[in-house]
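A short worksheet on the structure shown next.
Nothing in this text is a laboratory measurement; each read-out follows from the coordinates by a stated rule. Since this is a predicted model, take the numbers as computed values, not measurements. Cβ sites come from the backbone with ideal geometry, for glycine too, and all protein chains shown count toward neighbours.
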Amino acid sequence: VRVIGAAVGGRLSSSSSEEQELADGELSSRVFQLMISIVDSDNARTQAGAAPTRNNPTRVSLDEAIVEFSQAFRKAYIGEQAVATSKVYVRLSERLGIPDHTVVLDVVASKIAYNLRFYGMVDG
């Protein structure tokens, strides 16, 4: 996840080619799918009455990597100039049904909200 974030954030969207943006979309779709799967599985565990896994260093590291990826994606592909010309959303739409930056922001906000609830329970 960190490597994908570095790849996505390492280039300027204004100088990216269509092929690079489609590749970013492919890689990013995998991270967004992971984010969606984590939130869905954790919500299912909670609804089933199972306690969330606490103090798992691997999970903490994954969540930190997802935050870093989200920041890199935002810098490269969310904004007035980036959204108007970006092809990354073509791949996200094909793979996950994420057509634009507003749905991406919704996915990221859902993950952040879950992290706040989860880590609030762990630390609280």
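At full extension, Ser110 and Lys75 could sit 10.7 nm farther apart than now, given 0.36 nm per residue minus the alpha carbon distance.
Couplings 3J(HN,Hα) of segment 19-31, computed from phi: 5, 5, 5, 5, 5, 4, x, 4, 5, 5, 4, 5, 5 Hz, in residue order, whole Hz [Karplus 6.51 cos²θ - 1.76 cosθ + 1.60, θ = phi - 60°; x for Gly and Pro]. For Met35, neighbours were defined as the other residues whose beta-carbon sits under 12 Å from its Cβ, and their charges (Lys and Arg +1, Asp and Glu -1) total -2. Applying the Karplus relation 6.51 cos²θ - 1.76 cosθ + 1.60 with θ = phi - 60° to segment 65-75 yields 3J(HN,Hα) values of 5, 5, 4, 4, 4, 4, 5, 5, 5, 4, 5 Hz, where x marks Gly and Pro.
Between Ile98 and Ser93, the built amide H atoms are under 5 Å apart, and every one of these is 5 or more places off in sequence or on another chain. Our estimate of slack between Ala44 and Glu94, defined as 0.36 nm per intervening residue step minus the Cα-Cα distance, is 15.4 nm.
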